[in-house]
């Protein structure tokens, strides 16, 4: 087994069949799909029983947990593959992606690294609203909050050994676990390999946890607090680079603002 795809879910029956079929439609030897249900009561278990009878590569559990991070950590411990990827129940991989990334994994081996691609972002009307291209990511740029980062795990894959280096997901973090993960990868100097092609698809839905969180300012203040905590732990050289980048960006934005105002006048 090379790759375990982990899907944490709670009350996600409306998307679950499509999620399972997205993986099954491009399944190949060396891949398993593990669904971690938090004790749903909306028909999720019945769907899992039905679909696992159709697809031998599908495993699942259904039990109460402490939240999404706890479910993700359970999945890491249960994974049979040497590589893992998290596919949230309402997201999906690009068609034909899995055989392609499987070849890349076999070339890289099991040493800690991160393989990532681009991400389509869709709204509730199935309209493409943006494309996430994390082509220029580094720790100072992340800490200065001036670069794109892979903000949905359907667009990246990595060996389980990464967690032996950086630890598991913090169980008390229920919203920004992906942000925290990427920062810890960069802090640990784990190699990152970017592929300029669409790998993942993320539905930004108003009723979903991420959509509700981004509707207010909570997500931005939470991200700022996480950045500040990592900045305090970063090497001095990174702290200096980050402060220079922040200053440069502030001056740049001010100049752009002045020029834009003059252009309007």
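Values quoted throughout were computed directly from the atomic coordinates according to the rules given, and no laboratory measurement underlies them. In this text, all values refer to a predicted model and were calculated from it rather than measured experimentally. For neighbour counting, all protein chains shown are included, and Cβ atoms are generated from backbone atoms with ideal geometry for every residue, glycine included.
At a glance:
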{"item": "Folded to 0 to 90 degrees: helix 68-78 orientation relative to the chain principal axis, Cα", "result": "60 degrees"}
{"item": "By average C-beta atoms within 10 angstrom, highest first, the peptides 179-188, 35-44", "result": "179-188, 35-44"}
{"item": "Segment residue 164-residue 76, extension gain: residue separation times 0.36 nm, minus the distance between their alpha carbons", "result": "30.6 nm"}
{"item": "FRET E, pair residue 239, residue 54, Förster distance 41 Å, beta-carbon r, rounded to 0.05", "result": "0.20"}
{"item": "Fewest-first ranking of 146, 258, 5, using other Cβ atoms within 10 Å as the exposure measure", "result": "258, 146, 5"}
{"item": "Label zone at residue 256 (point 7 Å along Cα-to-Cβ), backbone N below 15 Å, region 114-155", "result": "145-148"}
{"item": "Cα centroid separation, region 46-66 to region 16-30 (Å)", "result": "13 Å"}
{"item": "Rel. contact order, % - alpha carbon contacts under 8 angstrom, at least six apart, the chain", "result": "20 percent"}
{"item": "Exposure proxy ranking, count of Cβ atoms within 10 Å, fewest first, for 60, 199", "result": "60, 199"}
{"item": "Zero-based 5 Å bins, Cα pair distances in region 3-234, whole percents", "result": "1, 6, 14, 19, 21, 18, 12, 5, 2, 0, 0"}
{"item": "Two-site label geometry, residue 28 and residue 147: point separation in nm, points 7 Å out along Cα→Cβ", "result": "3.0 nm"}
{"item": "Between 0 and 90°, nearest 10: helix 177-187 axis offset from the chain longest Cα axis", "result": "60 degrees"}
{"item": "Residues 122, 249, sorted so that the one with the fewest Cβ neighbours within 10 Å comes first", "result": "249, 122"}
{"item": "FRET efficiency for residue 138 and residue 197, using Cβ-Cβ distance with R0 set to 25 Å, rounded to 0.05", "result": "0.75"}
{"item": "Burial ranking of peptide ranges 230-236, 64-70 (average Cβ count within 10 Å, highest at the top)", "result": "64-70, 230-236"}
{"item": "Degrees, to the nearest 10: 13-24 long Cα axis against longest axis of the chain", "result": "80 degrees"}
